[in-house]
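What follows is one structure encoded as structure tokens, with my remarks underneath.
Bear in mind that the values in this text are calculations on the coordinates, not laboratory data. Since the structure is predicted, the reported quantities are computational estimates derived from the model, not experimental observations. Cβ: placed from backbone, ideal geometry, glycine included. Neighbour counts: every protein chain shown.
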Amino acid sequence: MERSCQKTENFSLDSTSMTKNTPRELFEKGLIREDQFNKIDVINSGKVVSVFYELQTLLYLGVLLFTSGVGILIYMNIGSLGHLISIFALILLSIGCFYYAFKKGVAYSNDSVKPVTPYFDYVVLLGALVFVSVAGYLQFQFGILNENLELVTLITSVFFFYIAYRFDHLGVLSLAITALASFWSVSISPQKWYSGTFFETANLHVVAIIFGVSVAAIALVLEMKRIKIHFTFTYLNFCSLLFFAGAITGLFIGEWWFAYLLLIYGGCLFAYVMAMKRKSFLFLLYAFICAYIGTTYLLEKTILRDAIEIWFLYSIFSCGGFIYFIIKYKNYFKQK
Amino acid sequence: MNHAYNEVNLYNLAVIKESKRWSSQGLIEEVQLKNIEQEYPCSFYHPNIIIRILLFIATLFALSGVTGLLALLFGKLGEGIVATGCLMYGTFSFVILDRVLVNQYRHYKSGVTEALLYHACGFAIVGLSWMADFNTYFVLITCLLVFSYAAVRFLDLLTTVAAIGSLAGLLFYACYEAGGIFQQVIPFVFILCFGSVYVITRKLKKHNHLKFWLLNMMIVEVISLLLVYAAGNYLVVRELSINLMNLELVGGQDIPFAFLFYALTIIVPFALLYTGIKHKDVLALRVSLIAIAFTVFTFKYYYGFGHPEITLTVAGALLFGIGMLLFNYLKKMRGGFTRENHLAEKWANLNLQAFVISQTLGGNQSGVGSQIETGGGGKFGGGGSTDSF
């Protein structure tokens, strides 16, 4: 490992990574071919630096700031000439984005589609967000849907779903799902649960559970039909978040807690099966944590009461046992 | 002091991890990856990130049970004994971690180790500080020593951050307590000290025998750069002077050396940007971008937040424009920089990106929605964007 220090020295100052000379080592051992070595070594030694993620972050921040600014700006100075011009400019911008997307983008496919340019996804995202902002504003101004204002959210969601499927865009898909959930007045946002304002209205947790189950079912049907299989994870992720949040809220509310407990166990079983089938450990995390919360609640309601020592012992033995279980069966929990 | 791990295993793990990245990018084939994994066996228990989080949470729960029981048993014995007890318990945790988990069961950053490590640090620090009656100097020095030990011995990154933080705290507190002229020169002391830390770390990074601490050194580098920038930043200096040193500014008065701090606020980020590009140093590049953003914020803070919506729109358009221009500019490789995505970053998971998009960009789709919906109106809360700027 020491020998080829001088070799890379003059090219890069910062390539002192632990695996600096690994490509050469692998090549000499015959584990990789020469053409592969040549490709990997320029990257590994830092002779070529990719700024892909830095630029993507710039674009993301750009979209974030721009759409937030526009979202406020659009409702100010209503009626003035400059305002009309800027609305017009935004419409043009949105049309421009979609013109680019339709012209450059590949035709729709049921499989995952590689973006044609590294910024393609962000152009689509910008176009979609600006379009929705302007459409929302026009509705506000001219009140086409004055009777059913929630419809705006539903239409937004449908529009996002269309864009997501047409241009194979996971980001817009998750926007579509959150918009659809918000049509049913449920929020998918961890920050909201944290501040305790989740499920303000009574029985909203029931809506969340039903929403979670039905959308997950639709997602699985779509997967069986082999339509955008790589979207399933996003669907299931949002659905399990909603389902478990709803079920746990129901559990704590009282009266029907045993029914909710059974629901939680059912959800955990489903999440566990999904995790094992897809080798996706996020669902495993949900399953274990929710099952633990449910079981702890059950014990608290039935046998374990009052004595604090018992709770300490419980946390030691339950968590200790869990850790032991995970490590014991570590091969079972391995990726691939 | 050496780290606690087996070096062959550490190296082999690094090789396997790199090879996996190459394989996921199609640079090598599956079969080759399998061969490499066989050639470089690694006996560490190092599960994937989700299992690590699970184990971390579970370990914390279990440890809190242990701590609770101990507190019930020994809690009433009087301060001196409890303090010593904390220290002993912390030390004991370090020993268990080192000898049993790492040495015997070959855990390497498994979630269990992190939980036990932070737990041990916490008790060692509280115990020691308690014995010295929580004297601030003593607490800061204890933090620095314990965190450094944890960082060096267990190659841990979070305690590295904590160690640097304690060093900065100690430095600040020392100057602050000294009073008078020392308070005035705190920014310069910081720039000098962390400038040197940065330079020294960069030198150390070139030593081959320190390669196992490379990630720790990168963290030290980034934080020193950020501290150097913050120490010279006009906003930071001004607000800290007013809040902590009771500096009173009336009318057109400005902080001492105001001009210098204005200059530093502008020069440091661009100097970093230049170094980053010149030396192809991605770390400096990333820090410089953060610094530039904060510089803009500094000037906006004092020269008008009058129209946040216009600022947001213009800034967004600019960033998007610059991003697009650079993407086009780097269509061909220029000066060793390319726009192509060679190696997937660990955190750059597409699903994660989608989730971030849905959480941050959802707020501004329809202003109407948020005005009408009542109750759990949820996602379309509007706003939310201003605080992220």
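Size estimate for the stretch B:81-173 follows the Kirkwood approach: the inverse of mean 1/r over distinct Cα pairs works out to 13.3 Å.
Distance between the 7 Å Cα→Cβ label points at A:Leu151 and B:Asn48: 4.5 nm.
In this Cβ point-charge picture (+1 for Lys and Arg, -1 for Asp and Glu), chain B has a dipole of about 1080 debye about its Cα centre. Shape analysis of the stretch A:75-120 based on the Cα gyration tensor places the equivalent ellipsoid semi-axes at 33, 9, 9 Å, largest first. Taking other Cβ atoms within 10 Å as a rough exposure proxy, B:Ser64, B:Ser93 sort from fewest to most as B:Ser64, B:Ser93. With R₀ set to 51 Å, the beta-carbon distance separating A:Phe142 from A:His230 gives a calculated FRET efficiency near 0.85.
Hydropathy first: keep DSSP H helices in chain A averaging at least -1.0 on Kyte-Doolittle, then drop any whose Cα extent along the axis falls short of 18 Å, and list what survives. Length and hydropathy pass: A:52-73, A:81-104, A:120-142, A:150-167, A:170-183, A:204-224, A:232-253, A:257-278, A:281-301, A:308-328. Seen from B:Arg99, the other residues with C-beta closer than 15 Å to its C-beta sum to a net charge of +1, counting Lys and Arg as +1 and Asp and Glu as -1. So, counting K/R as plus one and D/E as minus one, what does the shell of residues with Cβ under 14 Å around B:Val197 add up to? Overall, the nearby charge balance is +2. Computed from the Cα positions only, the extents of the stretch B:127-218 along the three principal axes stand at 43, 34, 16 Å, in decreasing order. Measuring between their Cα centroids, the stretch B:92-108 and the stretch B:150-228 lie 28 Å from each other.
Exposure proxy shown here: for B:Arg99, B:Arg339, the number of other Cβ atoms within 10 Å sets the order, fewest to most, as B:Arg99, B:Arg339. Computed over the alpha-carbon pairs of chain B, the distance histogram in 10 Å steps reads 4, 15, 23, 26, 22, 9, 1, 0 percent, short to long.
Highest mobility in the GNM of chain B, judged by mean-square fluctuation with C-alpha springs under 10 Å and restricted to B:Val112, B:Val66, B:Val287, is found for B:Val66. According to the square roots a ≥ b ≥ c of the eigenvalues of the Cα gyration tensor, what is the shape class of the stretch A:235-336, taking rounded for a/c under 1.5, prolate for a/b larger than b/c otherwise, and oblate for the remainder? Oblate shape, in that a/c is at least 1.5 and b/c is the bigger or equal ratio.
B:Arg339 sits among other residues whose Cβ lies under 12 Å from its own Cβ, and their net charge, with Lys and Arg +1 and Asp and Glu -1, is +1. At 7 Å along the Cα-to-beta-carbon direction for both A:Leu313 and B:Val31, put a label point, then send me their distance in nm to one decimal. That separation, rounded to one decimal, is 5.9 nm. Volume per residue for the stretch B:168-294 equals 109 cubic angstrom (convex hull of Cα atoms).
Could you work out, residue by residue across A:284-296, how many beta carbons of other chains sit within 10 Å of that residue's beta carbon, and then give the average as an integer?
Rounded to a whole number, the mean comes out at 2.
Projecting label points 7 angstrom from Cα along Cα→Cβ for B:Ile242 and A:Phe258 puts them 6.2 nm apart. Beyond 27 Å in Cα-Cα separation lie the following of the pairs A:Lys225/B:Lys331; A:Lys39/B:Lys20; A:Lys334/B:Lys109: A:Lys225/B:Lys331.
Within a 10 angstrom radius of each residue's Cβ in A:69-81, how many Cβ atoms of other chains show up on average? Whole number is fine.
Across the residues of A:69-81, the mean count of other-chain Cβ atoms within 10 Å is 5.
Cα-based radius of gyration for the protein assembly as shown, normalised by 2.2 N^0.38 Å, reads 1.04. Rounded to the nearest 0.05, the FRET efficiency derived from the C-beta distance between B:Met88 and B:Val189 at R0 = 45 Å is 0.75.
Using +1 at the C-beta of Lys and Arg and -1 at the C-beta of Asp and Glu, which of A:Tyr324, A:Leu241, B:Gln104 has the Cα lying farthest in the positive direction of the dipole of the protein assembly as shown? Selected residue: B:Gln104.
Could you give the semi-axes, largest first, of the ellipsoid that matches chain A, computed as the square roots of 5 times the alpha carbon gyration tensor eigenvalues and rounded to whole Å?
39, 39, 19
The mean count of C-beta atoms from other chains within 10 Å of the C-beta of residues in B:48-54, rounded to a whole number, is 6. Residue ranges A:242-248, B:217-223, A:113-119, B:132-138 sort as A:242-248, B:217-223, A:113-119, B:132-138 when ordered by packing (mean number of other C-beta atoms within 10 Å per residue, highest first). The convex hull of the Cα atoms of the stretch B:1-95, projected and averaged over all directions, covers 8.9 nm². Taking every alpha-carbon pair within the stretch A:195-293, the share separated by more than 22 Å comes to 28 percent. The value given for the stretch A:290-336 is a Kirkwood hydrodynamic radius of 12.2 Å, derived from the mean inverse Cα-Cα separation. Assuming R0 = 51 Å, what is the FRET efficiency of B:Thr136 and A:Ile210, from their Cβ-Cβ distance, to the nearest 0.05? Efficiency for this residue pair is about 0.35.
Summarised as an ellipsoid, the stretch A:106-156 has semi-axes of 31, 13, 7 Å, derived from the eigenvalues of the Cα gyration tensor scaled by 5 and square-rooted, with the largest first.
Taking every Cα-Cα distance in the stretch B:213-265 and sorting them into 10 Å bins starting at zero, the pair-distance distribution P(r) comes out as 23, 40, 22, 12, 3, 0 percent.
As a proxy for reagent exposure, A:Ser214, A:Ser174 were ordered by neighbouring Cβ count within 10 angstrom, fewest first; the result is A:Ser214, A:Ser174.
Per-residue ellipticity at 222 nm for the protein assembly as shown, helices alone: DSSP H runs ≥ 4 residues times -39500 (n - 2.57), over residue total, nearest 500 deg cm²/dmol?
Computed ellipticity for the protein assembly as shown at 222 nm equals -23000 deg cm²/dmol.
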